[in-house]
Amino acid sequence: MTDDIITACTMDCPDACSMLVTRHPDGSVRLQGNPDHPFTSGFICKKIRHHLRRLQSPDRITRPLLRRGARWRPIAWDDALDLCAEKIQAARAEPASILHIMSDGAKGVLKQTTKLFFARLGATRTRGSLCDAAGFIASVHDFGSRKNNTIEDLHNAARIVNWGKDFSRSSIHMSAIIKNARKCGTTVLTISPGGDGNAPFSDAFVRIRPGTDRFLAAAVVKRFIEHGLIPEEITARTHNFARFCKALAEFPEDRLMARCDVAREDIDAVFQCYAPETPTATIIGAGLQRYGRGGENVRFINALTLLSGNMGRAGGGSCFHLHSLGNFNLDWTRDPDGKPRRAFAMPAVGREILGADPPVRMLWVNGVNIVNQGPDCREIARAFASVPFKVVVDAFMNDTADRADLILPAALMLEQEDVIGSFLHDYIQHAPAVFTPPGEARSDYRIISELGKRLSPPILLPAPEACFEQALDSPWIDGNWATLKARGTLRAQKPDIAYADMVFDHADGRARLPVDLHDEPDPPPEFPLRFLTLVRREAIHSQILPEDQETPPRVWISPDCPALTSIDSEKPVDVVSPLGRLRVSLHLLSGLHPGAVVYRRGDWMKCGGGANQLVAAELTDIGGGAAFYHQYVRIENGR
């Protein structure tokens with residue numbers, strides 16, 4: 001008989017869609033958005049639909065594999081876990097020699113048990129992130145916390161200013177809200193380096209030099225100050241307005257314009273969006289905080305939103321990523337003994353491993369293809385080679401699994417139960433398993449809980465139901481595990497308007513403004529182009545099947561790019577940085593800033609791609625994020 005199962009997407013995507021999975025008697029499967037879910041509203045993106053191909057791929061790893069020289073041989077689960085226990089036990093007297101690397105390749109409450117396991121060991125962990133740390137912490141600096149108006153509140157905006165989010169490639173539901181808002185009369189201004197898919201979502205567009213958003217925001221704020229448009233009741237809600245003004249005074253408008261490469265009429269256009277008394281909502285894309293001054297970019301946009309009177313009101317606000325687990329109680333994931341732990345910067349993990357004292361003797365990697373996704377991935381590969389024993393939990397032989405000593409086959413989304421939140425909306429969802437994992441693949445929870453029992457003394461993890469129950473014991477959640485399991489979804493009890501009446505979460509209730517505006521150095525003459533490794537439309541991060549890898553990878557430059565004059569289109573083309581070169585296929589993209597090169601990230605080094613081979617391991621100014629887009633490159637004919 002045909003059966004329908006309601007579950008949820010656990011990919012690293014803000015929408016966290018509710019899905020209706022229909023299994024037919026002939027074995028075919030239909031996957032669609034849950035029409036009864038108040039946010040998903042019956043539609044999902046192609047990334048989810050492509051996921052069925054990943055589940056059924058003949059390239060999946062379905063048995064534990066142990067490296068023997070240059071070859072892999074299957075190994076029984078008991079033997080694999082015994083070997084892991086033996087290695088951990090040998091290092092337990094010096095737990096810092098064990099490094100746990102984990103990210104959000106799959107999200108969920110139960111995934112946090114792996115963090116709990118290594119916390120109880122006292123193993124080295126990572127800090128910062130490869131995604132949104134600078135923007136998140138920038139907002140904490142400004143407002144004392146990271147909160148948004150509800151995403152549905154965008155319908156109350158008279159205008160929306162989109163700072164760099166590509167609505168055609170990320171968050172299909174936010175894109176739908178933008179389209180509906182425009183139909184109802186909301187105007188949308190997009191600010192970006194161009195070359196994206198935002199034209200169908202925008203009424204106006206300002207093209208900006210990559211990484212210089214803070215200068216445009218500062219220029220608009222100066223207009224407010226010069227016209228006396230910031231009332232005292234707003235400045236009274238800030239802690240350091242005078243110091244902020246002093247920082248702005250050092251930059252005349254012409255200098256700000258030159259830095260972000262905009263015309264005066266562009267500043268006028270942004271000013272006109274924020275100046276009226278009717279509300280303007282601000283959306284901040286993750287890309288603009290992936291520069292050396294990425295946190296500062298966000299802070300000046302937040303300052304503009306605040307000083308224009310658009311914080312703490314319906315139809316306004318500054319929208320950036322939330323914490324996807326922010327509505328849950330995570331106290332249970334912490335080591336009850338509070339052991340001190342060494343922490344490595346995630347964006348510089350290769351350098352950290354190579355310089356570690358005590359040295360790293362064992363690695364455990366899950367939820368991230370770190371050798372591919374981390375900057376300076378060649379250095380990460382060298383660092384992996386220096387570690388005597390490396391365990392990778394994954395489903396495919398990607399750039400990270402390829403460098404393991406032991407691969408443990410992972411169950412994927414739809415093959416394991418979990419509870420998820422979102423970094424866009426406040427719905428919490430039960431994600432039951434729909435399919436049995438293929439072969440001997442297992443969930444992260446099952447792997448780590450069975451490993452813990454083999455140690456002496458053992459590390460015993462709570463049962464899944466206990467994890468869910470504890471996570472839902474939150475002041476924001478009206479319900480428990482039984483309630484969620486019965487209903488499938490609950491909405492966290494958060495205010496619709498963040499920071500209502502401009503009362504912020506610092507102890508004094510006032511916001512903080514940035515007090516430094518750092519200049520932007522000119523590009524080095526030998527590497528004049530910003531390297532923008534942007535998201536794909538059809539895949540999340542490096543979750544790309546081998547047959548979908550494109551060789552050579554494509555890059556795009558503007559038809560007005562100065563480098564184009566020295567390129568012979570009949571000869572091979574390379575992207576070159578101080579770290580090396582990568583053979584590419586060169587294409588032109590109208591509307592892109594002439595100082596940028598666009599690369600759609602995620603393809604594998606072993607398949608001829610891997611943009612992060614060319615990207616230095618630099619940190620953002622705050623938050624410990626990866627400054628991916630700070631990298632400069634050049635385009636030239638290959639050798």
Within region 489-516, of all residues that are open to solvent by less than 20 Å² (accessible area, probe 1.4 Å), in a loop (DSSP other than H, G, I, E, B) and of a type outside the set (Phe, Trp, Tyr), the one farthest from ARG293 (Cα to Cα) is ALA492
Of the residues in region 522-572, those that are assigned to a strand (DSSP E or B) and open to solvent by 20 Å² or more (accessible area, probe 1.4 Å) number 3
Of the residues in region 452-488, those that are part of a loop (DSSP other than H, G, I, E, B) and among the hydroxyl-bearing types (Ser, Thr, Tyr) number 2
- Message: So for region 126-135 (the condition being farther than 21 Å from SER449 by Cβ, of a type in the set (Lys, Arg) and within 20 Å of the chain's Cα centre (by Cα)), does at least one residue qualify?
- Response: yes
When restricted to ILE191, ILE177, ILE225, the only residue aliphatic (A, V, I, L, M) and either closer than 30 Å to PRO528 by Cα or in contact with a Cys (Cβ under 6 Å, 6 or more places away or on another chain) (or both) is ILE191
For region 272-291, pairs from a residue that is free of Cβ contacts under 8 Å to residues at least 60 places away in the same chain to a residue that is open to solvent by less than 10 Å² (accessible area, probe 1.4 Å), with Cβ under 8 Å and 6 or more apart or across chains, are ALA275/PHE224
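Just for region 128-173: of the residues that are assigned to a strand (DSSP E or B) and either touching a Cys at 6+ places or on another chain (Cβ under 6 Å) or more than 16 Å from SER318 (Cβ to Cβ) (or both), which one is least open to solvent (accessible area, probe 1.4 Å)?
So the residue we want is VAL161.
Table: residues versus (1) aliphatic (A, V, I, L, M); (2) closer than 20 Å to ASN366 by Cβ; (3) open to solvent by 20 Å² or more (accessible area, probe 1.4 Å).
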site: VAL434; (1), (2), (3): yes, no, no
site: ILE447; (1), (2), (3): yes, yes, no
site: ARG454; (1), (2), (3): no, yes, yes
site: LEU461; (1), (2), (3): yes, yes, yes
site: TRP476; (1), (2), (3): no, no, yes
Considering region 596-605, residues that are open to solvent by less than 10 Å² (accessible area, probe 1.4 Å) and of a type outside the set (A, V, I, L, M, F, W, C), and then whichever is farthest from CYS377 (Cα to Cα), we arrive at TYR599
When restricted to GLY608, GLY625, GLY638, the only residue in contact (Cβ under 8 Å) with a residue 40 or more places away in the chain, more than 18 Å from ALA381 (Cβ to Cβ), open to solvent by 20 Å² or more (accessible area, probe 1.4 Å) and among the small types (Gly, Ala, Ser) is GLY638
Residues of region 201-257 being surrounded by 15 or more Cβ atoms within 10 Å (Cβ to Cβ) and at positive phi, in sequence order, are GLY211
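Within region 1-31, how many residues are within 29 Å of the chain's Cα centre (by Cα), of a type in the set (A, V, I, L, M, F, W, C) and not in a loop (DSSP other than H, G, I, E, B)?
Result for region 1-31: 7.
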The number of residues in region 179-236 that are more than 25 Å from GLU296 (Cα to Cα) and in a loop (DSSP other than H, G, I, E, B) is 6
Being on the phi > 0 side of the Ramachandran plot and within 18 Å of the chain's Cα centre (by Cα): is that true of GLY591 here? no
Reported set for region 581-595 where residues are buried (at least 22 other Cβ atoms within 10 Å of the Cβ) and within 30 Å of GLU352 (Cβ to Cβ) is LEU582, VAL584
Of (1) within 30 Å of SER566 (Cβ to Cβ); (2) in contact with a Lys or Arg (Cβ under 9 Å, 6 or more places away or on another chain), ALA511 satisfies every one except (1)
Pairs returned, first residue in region 80-99 that is more than 16 Å from ILE448 (Cβ to Cβ), second residue that is of a type outside the set (D, E, K, R) and part of a loop (DSSP other than H, G, I, E, B), beta-carbon separation under 8 angstrom, 6 or more apart or interchain, are GLU94/PRO358; ALA96/GLY122; ALA96/ALA123; ALA96/PRO358; SER97/PRO358; SER97/PRO359; SER97/VAL360
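The values are calculated or read from the model by the stated rules, or taken from the named source; none is laboratory data. None of these values were measured; they are calculated from a predicted model. Heads up, the Cβs are rebuilt from the backbone with ideal geometry, glycines too, and the neighbour counts pull from every protein chain shown. SASA here: full protein model, heavy atoms, side chains in, ligands and nucleic acids out. Shrake-Rupley method; radii C 1.70, N 1.55, O 1.52, S 1.80 Å.
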